[in-house]
Amino acid sequence: MKSNRKWVVALVMLAATALLLGAGCAREEGPGEEGAVLRGTLTIAGSTSVQPFSEVLAEEFTVRHPQVKINVQGGGSTQGIEAAKTGVADIGASSRELKPEEKGLKEFVIARDGIAVVVNPANKVDGLTAAQIKDI
């Protein structure tokens, strides 16, 4: 499981690097793995359930690029989406799909939730459909 987490973090770091290059950071020629130094500030705002993940990513990124300051803020998915749309944040974190009226932003899926329904063995309910579980 720890190995899978490293892959997820590595993939997200790659996506975050791509976002940072085009967001609130300046790229200057100089020493570094890719021949460039990133400088500047980046703001990530939105989903409180994504916030801990964003904080870990920000820490890992700033270890590799110490001249980049990353501000991570919560507030909820809707607030993050609105912050990205209006330019208040460089990245809006959302733990839900965009509504039709929120489209127009560039979307990157960084994770998916796994949901399991677990019941006590004494529970006599048997054979629920996905639609019934969703309704519950």
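The values are calculated or read from the model by the stated rules, or taken from the named source; none is laboratory data. Note that the structure is predicted; figures quoted are calculated from it, not measured. With ideal geometry, Cβ positions are generated from the backbone for all residues, glycine too; neighbour counts draw on all protein chains shown. Areas reflect the complete protein model, heavy atoms only, side chains present, ligands, DNA and RNA absent. Shrake-Rupley method; radii C 1.70, N 1.55, O 1.52, S 1.80 Å.
Listed values, structure above:
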{"quantity": "Count of residues meeting criterion [touching an Asp or Glu at 6+ places or on another chain (Cβ under 7 Å) and within 27 Å of LYS69 (Cβ to Cβ)] in the stretch 85-117", "calculated": "0"}
{"quantity": "Residue pairs meeting the criteria (Cβ under 8 Å; at least 6 apart or on separate chains; first under 23 Å from VAL56 (Cα atoms), in the stretch 104-122; second open to solvent by less than 100 Å² (accessible area, probe 1.4 Å) and among the polar types (S, T, N, Q))", "calculated": "ASP113/SER95"}
{"quantity": "Where THR62 falls short, out of the listed (1) at pLDDT below 95; (2) assigned to a strand (DSSP E or B)", "calculated": "(2)"}
{"quantity": "Residue list for the stretch 62-104, restricted to those being surrounded by fewer than 20 Cβ atoms within 10 Å (Cβ to Cβ) and among the charged types (D, E, K, R)", "calculated": "ARG64, LYS69, GLU82, LYS85, ARG96, GLU97, LYS99, GLU101, GLU102, LYS103"}
{"quantity": "Which numbered condition TRP7 fails, given (1) at pLDDT 55 or above; (2) open to solvent by 50 Å² or more (accessible area, probe 1.4 Å); (3) among the aromatic types (Phe, Trp, Tyr)", "calculated": "(1)"}
{"quantity": "Given (1) modelled with pLDDT of 90 or more; (2) assigned to a loop (DSSP other than H, G, I, E, B); (3) surrounded by 10 or more Cβ atoms within 10 Å (Cβ to Cβ), number of the condition ALA111 does not satisfy", "calculated": "(1)"}
{"quantity": "Residue in the stretch 32-54 that is in contact with a Cys (Cβ under 6 Å, 6 or more places away or on another chain) and either among the small types (Gly, Ala, Ser) or open to solvent by 50 Å² or more (accessible area, probe 1.4 Å) (or both) present", "calculated": "yes"}
